[in-house]
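Asker: Take a look at this one; I'll ask things after.
The values are calculated or read from the model by the stated rules, or taken from the named source; none is laboratory data. All values derive from a computational prediction rather than experimental measurement. Don't worry about glycine lacking a Cβ; one is built from the backbone with ideal geometry, like all the others, and counts go over all protein chains shown. Please note that ligands, DNA and RNA were not included when accessible areas were found on the heavy atoms of the full protein model with its side chains. Shrake-Rupley method; radii C 1.70, N 1.55, O 1.52, S 1.80 Å.
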Amino acid sequence: MDKENLSFLVCCANGGGTSLMCKMSLQRALDKLGIKPKKLHHCALAEGKSSATRFDVVFCPRTFEGMFASAKEKGTIVIGLRNVMSSQEIEEKMREFGLAD
């Protein structure tokens, strides 16, 4: 997987404030890691579940991780977060999943 050409989706329950703040945290982590995403989108779970397979990586709260099982089966990396506001946790998960050096 080309680490410089990844598309990211960030989902939360309603797709408003939390997913937007998580998207901003993800952008900070990507900047720190020197990764320029091909696409970076945030939305509600309903939209995310139906569009997840069009993205390389999905970030969501840990409690919603299971809702993306079919996307995971098709090769999308699904990463559940304890704290969606933590760019440090996102950075750690990126390394853990082999998406960053």
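Asker: Could you please give the count of residues in the stretch 37-76 that are of a type in the set (Ser, Thr, Tyr) and within 21 Å of Gly17 (Cα to Cα)?
Answerer: 3
Asker: On to the next question. Inside the chain, counting only strands (runs of 3 or more DSSP E) that do not spill past its ends, which hold 3 or more residues that are acidic (Asp, Glu) and touching a residue at least 60 places away in the same chain (Cβ under 8 Å)?
Answerer: Result: empty, no element qualifies.
Asker: If you take the residues of the stretch 12-38 that are in contact with a helix residue (DSSP H, G or I) (Cβ under 9 Å, 6 or more places away or on another chain) and more than 15 Å from Ser86 (Cα to Cα), which of them is most open to solvent (accessible area, probe 1.4 Å)?
Answerer: Among those that are in contact with a helix residue (DSSP H, G or I) (Cβ under 9 Å, 6 or more places away or on another chain) and more than 15 Å from Ser86 (Cα to Cα), it is Lys36.
Asker: Could you tell me which numbered condition Val84 fails, if it satisfies all but one of (1) at pLDDT below 95; (2) surrounded by fewer than 20 Cβ atoms within 10 Å (Cβ to Cβ); (3) hydrophobic (A, V, I, L, M, F, W, C)?
Answerer: For Val84, the exception is condition (2).
Asker: Restricting to the stretch 45-55, name every residue that is open to solvent by less than 40 Å² (accessible area, probe 1.4 Å) and out of contact with any Cys (no Cβ under 7 Å at 6 or more places or on another chain).
Answerer: Ser51, Ala52, Phe55
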